[in-house]
1. Within region 90-120, how many residues turn out to be in contact with a helix residue (DSSP H, G or I) (Cβ under 7 Å, 6 or more places away or on another chain), under 16 Å from Ile36 (Cα atoms) and hydrophobic (A, V, I, L, M, F, W, C)?
2. Scan region 190-220 for residues that are out of contact with any His (no Cβ under 7 Å at 6 or more places or on another chain), within 23 Å of Leu159 (Cβ to Cβ) and open to solvent by less than 60 Å² (accessible area, probe 1.4 Å) and jot them down.
3. Can you tell me how many residues in region 106-141 are surrounded by fewer than 15 Cβ atoms within 10 Å (Cβ to Cβ) and outside any loop (DSSP other than H, G, I, E, B)?
4. Can you name the residue in region 87-105 that is touching a residue at least 60 places away in the same chain (Cβ under 8 Å) and more than 24 Å from the chain's Cα centre (by Cα) and is also surrounded by the most Cβ atoms within 10 Å (Cβ to Cβ) among such residues?
5. Before we move on, is Leu223 touching a residue at least 24 places away in the same chain (Cβ under 8 Å), open to solvent by 80 Å² or more (accessible area, probe 1.4 Å), farther than 30 Å from Lys25 by Cβ and of a type outside the set (Val, Ile, Thr)?
6. Only one residue in Lys50, Lys66, Lys83 is at pLDDT below 90 and open to solvent by 50 Å² or more (accessible area, probe 1.4 Å). Which one?
Amino acid sequence: MDPLDRVVKPKTKRAKRFLEKREPKLNENTKNAMLIRGGNANLTVTAVLKDIYAVKKPFAVLYKKKNITRPFEDQTSLEFFSKKSDCSLFLFGCHNKKRPNNLIIGRMFDYHVLDMIELGVEKFVSLKDVKNSKCPEGTKPMLIFAGDVFDVNEEYRRLKSLLIDFFRGPTVPSIRLAGLEYVLHFTAVDGKIYMRSYKVLLKKSGCKIPRIELEEMGPSLDLVMRRTHLASDDLYKLSLKQPKALKPKKKKNISHDVFGTTYGRIHMQKQDLSKLQTRKMKGLKKRPAEKLAEDGGATPKKSKSA
């Protein structure tokens, strides 16, 4: 039996806290990513891993030593590292003559490889090469995907889901306007994927809404898709399953439109509006002539008594 698979009883409070962090939860922790160098990684691949690590910090682990493994042939080492570092995302970099400047991005489900896509780096511009101001560490990015192929092709659809998982960062209840300062843009066209990073600059516009400008920040990657290892539909559906406690309870007679407006339906008995008590005002009183017209004619005048 694998030592990591054994049921371990904590002997100290520190070990107990460590095991409690790894217990199944209704609301999952922020997904961590591990970045691994292959046994034959060159300078370009190493620089890419370092820049992605700078973007992902503090929710990433960078393994500096080279690890001789081939994820598409043997996944045991990736699963071991995933258990050891409690990471559900990974980025593996390697280089060889057949597949130069190779990146393998993937995710885990129950510490087993779920999806894995191989990407080739054709052009790379690092953070250091772009001499502009950078966003602070841990900034949550805005993700933009351009290209119809992300919605049409199944492999590109999975890649889009994988990139969202990898770069989305922590889930936050609210965010301020100044916090929207980092954009990651992915464009799929002509069989290539272009990744660009921008910093959002809020300029004065003379009104409440600021004028927005984008300044390239780096890293920039030109990628091409190579091999894929996708989970079956049943396993993928199982990985998306949520516990019943998280599913919102359906409320009766309440509906929402496309814009998120809430509509409620109220059931009431039929009202007789003729008996409705309204506020009496002098301005709403009927004149004597109107009263006579409603009665259907003039009433005889009373004769004066002698």
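1. 8
2. Listed by number, the residues that qualify are Gly191, Ile193, Met195, Ser197, Met217, Gly218, Pro219, Ser220.
3. Matching residues across region 106-141 total 3.
4. Taking the candidates together, the pick is Asn102.
5. Criteria not met by Leu223.
6. Checking each option against the conditions leaves just Lys66.
The values are calculated or read from the model by the stated rules, or taken from the named source; none is laboratory data. Model, not experiment: these values are computed from the prediction. We place every Cβ from the backbone using ideal geometry, glycine too, and count neighbours over all the protein chains shown. Only protein heavy atoms, including side chains, enter the accessible area calculation; ligands, DNA and RNA are left aside. Shrake-Rupley method; radii C 1.70, N 1.55, O 1.52, S 1.80 Å.
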